[in-house]
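A quick write-up on the structure given underneath.
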Amino acid sequence: MAKIIDGKAIAEEIKHELKQEIDAMKERGIEGSLAVIQVGTDPASSVYVSNKKKACEALGIRSESCELPEDVTEEALLRQIEIYNGNPRIDGILVQLPLPPHINEKRVLDAIDPTKDVDGFHPLNVGALLIGEKGMVSCTPAGVIQLLKRSGIEIAGKHCVVIGRSNIVGKPMAVLMLRENATVTIAHSKTKNLESLCRTADILIVAVGKPKMIKASYIKEGAVVIDVGIHRMENKKLCGDVDFEGVEPLASAITPVPGGVGPMTIAMLMHNVVLAIKEHYGL
């Protein structure tokens, strides 16, 4: 039987540690703040924004939300980012994705002050990650590293296969695993013999975006399996990119969906907000 990695419990552990840091800063008169910009009223985006605001409230971080209409111009959105960039009372800025098609997502993310970029998407933060310098790290990959470490899973010297090459998960995930001294292979839609490649992985991290794509035939016995995917099925139940029921008997440890990687993303967002506050006040 695989060890089920409880992302919810580990996320709560991290948030408890952050709360202590935030309380200590408040005793020094420092109150942190996060500005969240949402364009339009996409239901999924609204849920994510609400969860982020609730997490801020629970930790004692002030949150400010800016809700812009679906047809807002790119220039108006960039002006709002510039206002937050120059506001000394705002420590972190988050633009909820995806944005409407008429807005250039790259231009918007590039406009955020890198020291306030709590999503870790700015090119300066991505570059800092690549060369091992200090900077904000994309929340989901950073959360996966914490899941592994806090579950007592050895990373150094292990072969890690990352399926997915997105800028948000796949690429930063591979770099973070390299930082932890894993030997890393990145696989994607054009990879040949994917199934046999996955069977060489000691740690398999799946961010492919296809429900239950990874079956038992992809898994080496005793491998650690991290499922980054999340999908709502026709029966309204959630599932990941991994066929949990088929894979779990072979794995030594596995993340469930829901309750695995998901809760870690918001915990690491809060971690980045705390980093931004410290950067702002020179702590």
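The values are calculated or read from the model by the stated rules, or taken from the named source; none is laboratory data. Not measured: the values here are computed from a predicted model. Positions of Cβ are generated from backbone atoms using ideal geometry, with glycine treated the same way; all protein chains shown enter the neighbour counts.
Quick notes on this structure:
Quick grid of which residues meet (1) among the aliphatic types (A, V, I, L, M); (2) at pLDDT 95 or above:
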position	(1), (2)
ALA201	yes, yes
ILE230	yes, no
ASN235	no, no
GLY240	no, yes
ILE254	yes, yes
MET264	yes, yes
MET268	yes, yes
HIS271	no, yes
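- Whichever residue in region 72-113 is farther than 19 Å from PRO43 by Cα and among the polar types (S, T, N, Q) and, among such residues, is farthest from the chain's Cα centre (by Cα): THR73
- All positions within region 143-156 that are more than 10 Å from MET177 (Cα to Cα) and not hydroxyl-bearing (Ser, Thr, Tyr): GLY143, GLN146, LEU147, LEU148, LYS149, ARG150, GLY152, ILE153, GLU154
- Applying the criterion of being at pLDDT below 95 and of a type in the set (S, T, N, Q) to the residues of region 37-72, the residue that is surrounded by the fewest Cβ atoms within 10 Å (Cβ to Cβ) is THR41.
- Flag not set for ILE30, criterion: surrounded by 12 or more Cβ atoms within 10 Å (Cβ to Cβ) and part of a helix (DSSP H, G or I).
- Residues that are crowded, with 18+ Cβ neighbours inside 10 Å, of a type outside the set (S, T, N, Q), touching a helix residue (DSSP H, G or I) at 6+ places or on another chain (Cβ under 6 Å) and at pLDDT 95 or above within region 117-136 comprise ASP117, VAL118, PHE121, HIS122, LEU129, MET136, listed in sequence order.
- LYS236 vs. criteria more than 15 Å from the chain's Cα centre (by Cα) and closer than 27 Å to ASP117 by Cα: no
- Residue within region 1-14 that is β-branched (Val, Ile, Thr), within 16 Å of the chain's Cα centre (by Cα) and either at pLDDT 95 or above or closer than 30 Å to TYR281 by Cα (or both) present: yes
- Among the residues of region 81-114, those identified as part of a helix (DSSP H, G or I) and within 21 Å of LYS171 (Cα to Cα) are GLU105, LYS106, ARG107, VAL108, LEU109, ASP110, PRO114.
One line per residue, one yes/no per condition, for (1) under 14 Å from the mean Cα position of the chain (by Cα); (2) of a type in the set (Ser, Thr, Tyr); (3) crowded, with 21+ Cβ neighbours inside 10 Å:
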site: ILE153; (1), (2), (3): no, no, no
site: ALA156; (1), (2), (3): no, no, no
site: HIS159; (1), (2), (3): no, no, no
site: ILE163; (1), (2), (3): no, no, yes
site: ASN167; (1), (2), (3): yes, no, no
site: ARG179; (1), (2), (3): no, no, no
site: ALA187; (1), (2), (3): no, no, yes
site: LYS190; (1), (2), (3): no, no, no
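- Residues in region 73-96 that are touching an Asp or Glu at 6+ places or on another chain (Cβ under 7 Å) and either of a type outside the set (A, V, I, L, M) or surrounded by fewer than 17 Cβ atoms within 10 Å (Cβ to Cβ) (or both): ASN85 alone.
- Scanning region 242-283 for residues that are assigned to a loop (DSSP other than H, G, I, E, B), closer than 15 Å to TYR218 by Cβ and hydrophobic (A, V, I, L, M, F, W, C) yields LEU250, ALA251.
- The one condition from (1) within 26 Å of PRO258 (Cβ to Cβ); (2) of a type in the set (Asp, Glu); (3) not in a helix (DSSP H, G or I) that GLU64 does not meet is (1).
- Identity of the residue in region 201-241, of a type in the set (Asp, Glu) and part of a loop (DSSP other than H, G, I, E, B), that ends up surrounded by the most Cβ atoms within 10 Å (Cβ to Cβ): ASP241
- Subset of region 137-179 [out of contact with any helix residue (DSSP H, G or I) (no Cβ under 7 Å at 6 or more places or on another chain) and either charged (D, E, K, R) or not assigned by TED's automatic domain parsing to the domain that holds SER252 (or both)]: LYS149, GLU154, LYS158, LYS171, ARG179
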